[in-house]
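The values are calculated or read from the model by the stated rules, or taken from the named source; none is laboratory data. The structure displayed is predicted, hence computed values, not measured ones. Here the Cβ is made from the backbone with ideal geometry for all residues, glycine too, and neighbour counts use every protein chain on show. What goes into the accessible areas is simple: the full protein's heavy atoms, side chains included, and nothing from ligands, DNA or RNA. Shrake-Rupley method; radii C 1.70, N 1.55, O 1.52, S 1.80 Å.
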Amino acid sequence: MNPILVALDVSMASDARRLADTLGDSVGGLKIGFQLFTAVGPSIVREMVESGHRVFLDLKFHDIPNTVAGAVAAATDLGVWMVNVHAAGGPAMLAAARDAAAERAAALGRPKPLVIAVTVLTSMDATALAAVGVSRSPLDQVVHLATMAKECGLDGVVASPQETAAIRGACGKDFVIVTPGIRGGAATAAKADDQSRIATPAGAMAAGSSYLVVGRPITAAQDPRAAAQAILAEIRTSDV
Ligand code: C5P
């Protein structure tokens, strides 16, 4: 499948619709995060799902297990393809998220959404981790949390390109790794912006990513569809 998930980081339904329509099958899915969800609400998720798009609902749930289970069940009702939670919520919260997705999907007679975990936010460095009481290096903490997520039955994690190879090694070939921070190569339409741990589309795939989250290199391009197609071409060329 097309591994590009485009980040619809816009605040208006009309902008989200225009991007989704323009991109069509040049991307493999749409990522809806805090900005669009908070501005427009769940109706935009339903609309994109009903239009046939695969939706990754990126709301990074992190709360007590019962509350997260309710949120994941609600996301499953919306028909999302992928949803995420914070691994730092711990094993009971991860298990509750996993079970809620499976049970609600079974009740609806639909495929279960992929439930993946955010490990360490890419904005956190060793100093920031120490400030919240974590003495491991960011990479060790990422691999620790990814392994925990896998043991709790989650489908995968979100991780920076720098961490992808270590996670792939620790968690095996079937574990889903979703990678943001895609810049350079065919994704040169945008500068690094605020991303610091970056990789080219082909570089991230070579490191073992399953899906690439790409925002501004596509959404801020003059021709978003052409930008997505160029990224896909880079991935496919480096594949052979
Ligand atoms: O525009 P850009 O390609 O930088 O967008 C990346 C997307 O991935 C944004 O929606 C951002 O919130 C998300 N993301 C990220 N780094 C993470 C997790 C999510 O950039 N660690």
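Looking at 100, 130, 146 in this structure, which one is of a type outside the set (Ser, Thr, Tyr) and under 14 Å from residue 72 (Cβ atoms)?
Just one listed residue meets the conditions, 100.
All told, residue 181 meets the bar of being within 15 Å of the chain's Cα centre (by Cα) and within 13 Å of the ligand (Cβ to nearest atom). Entry remark, the stretch 28-42: residues being away from the ligand (no atom under 14 Å from the Cβ) and touching a residue at least 40 places away in the same chain (Cβ under 8 Å) number 1 in total. Within the stretch 191-220, the residues that satisfy the criterion of being of a type in the set (A, V, I, L, M, F, W, C) and within 11 Å of the ligand (Cβ to nearest atom) are 192, 198, 212, 213, 214, 218, 220.
Taken over the stretch 133-143, the criterion of being open to solvent by 70 Å² or more (accessible area, probe 1.4 Å) and in a helix (DSSP H, G or I) is satisfied by 139, 140. For the stretch 111-127, enumerate the residues that are of a type in the set (Gly, Ala, Ser) and at pLDDT 95 or above. 117 - this is the single residue of the stretch 111-127 that is of a type in the set (Gly, Ala, Ser) and at pLDDT 95 or above. Candidates 114, 145, 139: the one that is within 16 Å of the ligand (Cβ to nearest atom), in contact with an Asp or Glu (Cβ under 7 Å, 6 or more places away or on another chain) and farther than 19 Å from residue 181 by Cα is 114.
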